[in-house]
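The values are calculated or read from the model by the stated rules, or taken from the named source; none is laboratory data. Nothing here was measured: the structure is a model prediction, and the numbers come from that model. All Cβ positions, glycine included, derive from the backbone under ideal geometry; neighbour counts span all protein chains shown.
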Amino acid sequence: MKYESVIGLEVHVELKTKTKIFCGCSTEFGAEPNTHVCPVCLGLPGVLPVLNKEVLHFAIKAGLALHCDILPYSKFDRKNYYYPDLPKNFQTSQFDLPICKGGYIDIDVEGKTRRIRLTRIHMEEDAGKLVHSGATIDTSDSTCVDYNRTGVPLLEIVGEPDLRSGAEARAYLEKLRSIMQYLGVSDCRMEEGSMRCDANISVRPAGTDKLGTKAEIKNINSFSGVQKGIEYEAVRQAQILDEGGTVQQATRGWEEAKGITVLQRVKEGDSDYRYFPEPDLIPIEVPKDYIEEVRKELPEMPDARCQRFQDELGLPLYDANLLTLEKQTADYFEAVVKAGVDAKTASNWMLGEFAKKLNEEGTSADQSPVKPADLAGLLQLIAKGTISGKIAKQVLPEMWTSGKSAAVVVKEKGLIQITDTGALEDLVKKIIAANPQSVADYKAGKKKAIGFLVGQIMKETKGRANPGVVNQLLTKNLQ
């Protein structure tokens, strides 16, 4: 039987505030365990939480960018459950009256645009982190708890079950990360846990409307993991149904190394958490004029920037999409163009050699040692004919490691392109004389044979000969 996947994502986004949601402890990542804690975030007796106003500000900002309704009246609730990383034995979250309701995200997959609805966005505090002595809890002799992350502010963004594939889920996450980064409310570094995803997935016979029994895959920390985990789980559930079995509603974990999901626990329902209003925090009332003030702060969003790159700079949709996916990449690209470089040329290099170098170094455009003005200088040397594109590919790594400008590297390495016909004439004649077979092939009508001769000349000049001049001289001498 053919099945259809039904997927809804719950995404936790760690907000980029300096202090935690209900106390003044630092949110800085990577500190020594249990050094960013206080009686409030540790839940010691007699303490009272105070809401960080910036958390509310960021939540409204995110809600407006995602087309949500901002509720004028919301409140915090206690979500009760026991786990060692939760020092209070409850999580302060929002239940029936969240800060944002509704909204949507538009995604593009395989040339098709789909609108994925949102259910809600709510504010909550993060839990601590279990640190196992082994690779997993099952293979560990001991487990310690680091409470530094306890109380770090989160937005939980809950999507409707509108996604139909792992590829769509990945596109949704990439677009959501992009929007959060553009807003400046989160850095969304999945490897540091500042963006985490739980995927709810069920399968049903294609063409039917009834939802199947779902499984929740918890805390996946990479885009590829989300896509692979969903694809694996869909196949697993379909096999169970084909064999006449019943899918169990449960929480499952994604094991990246094995490429499988594993059972963690039978899924709880909302009633198991015994939600009740948080007695130590007053309800939140948000005036309409404050919402409008926040709306005025919204920057140009990824979709709008993508369209502008097409309309004003003449970029194709493919380029514009890739360049605007991350704000720092789009900012870098615009700086290169403003320095006087053709937009398409800048795009080709940003998505080609420059992106390759970023991936090798595991860094982002804003952290690159080659600044926008430096890359612009390199591309301007190509445009002037001072160096060839091939030579430029040798210059960029040198700029990266030395910090020198393109002009300085080219001068020091003696890489200036040879364009003087007089200097190249003798070499062209020498190569023609040394390759009679290629000459014969060319004269017999095999025009591609000239490419071999060009290659020989480029080899002799270590790539410094101007290919256009070389082609002209070869054509003239071969006739």
Picking from Lys371, Lys344, the residue that is closer than 17 Å to Leu323 by Cα, modelled with pLDDT of 95 or more, surrounded by fewer than 16 Cβ atoms within 10 Å (Cβ to Cβ) and not aliphatic (A, V, I, L, M) would be Lys344
Leu325 passes all but one of the listed conditions (1) surrounded by 15 or more Cβ atoms within 10 Å (Cβ to Cβ); (2) in contact with a Phe, Trp or Tyr (Cβ under 6 Å, 6 or more places away or on another chain); the exception is number (2)
Val203: passes all of (1) touching a helix residue (DSSP H, G or I) at 6+ places or on another chain (Cβ under 8 Å); (2) closer than 26 Å to Pro302 by Cβ but (2)
*Some residue of region 334-349 being at negative phi, outside any helix (DSSP H, G or I) and of a type in the set (Asp, Glu)*: yes
Considering residues that are of a type outside the set (A, V, I, L, M, F, W, C) and surrounded by 19 or more Cβ atoms within 10 Å (Cβ to Cβ), the number found within region 224-252 is 8
Given the conditions (1) at positive phi; (2) assigned to a strand (DSSP E or B), every one holds for Gly151 apart from (2)
Scanning region 78-104 for residues that are farther than 15 Å from Gly151 by Cβ and among the charged types (D, E, K, R), the one surrounded by the most Cβ atoms within 10 Å (Cβ to Cβ) turns out to be Lys101
For region 57-102 the number of residues that are β-branched (Val, Ile, Thr) and within 17 Å of Tyr275 (Cβ to Cβ) is 2
Taking region 253-296 and keeping residues over 26 Å from Ile21 (Cβ atoms) and in contact with a Lys or Arg (Cβ under 7 Å, 6 or more places away or on another chain) leaves Gly253, Gly259, Thr261, Val262, Leu263, Gln264
Please verify whether region 202-214 includes one or more residues that are of a type in the set (Val, Ile, Thr), over 19 Å from Gly102 (Cα atoms) and within 21 Å of the chain's Cα centre (by Cα). no
Here the qualifying pairs (Cβ atoms under 6 Å; residues six or more apart or on different chains; first in region 388-408 and under 11 Å from Lys357 (Cα atoms); second assigned to a helix (DSSP H, G or I) and among the acidic types (Asp, Glu)) come out as Lys393/Glu353; Leu396/Glu353
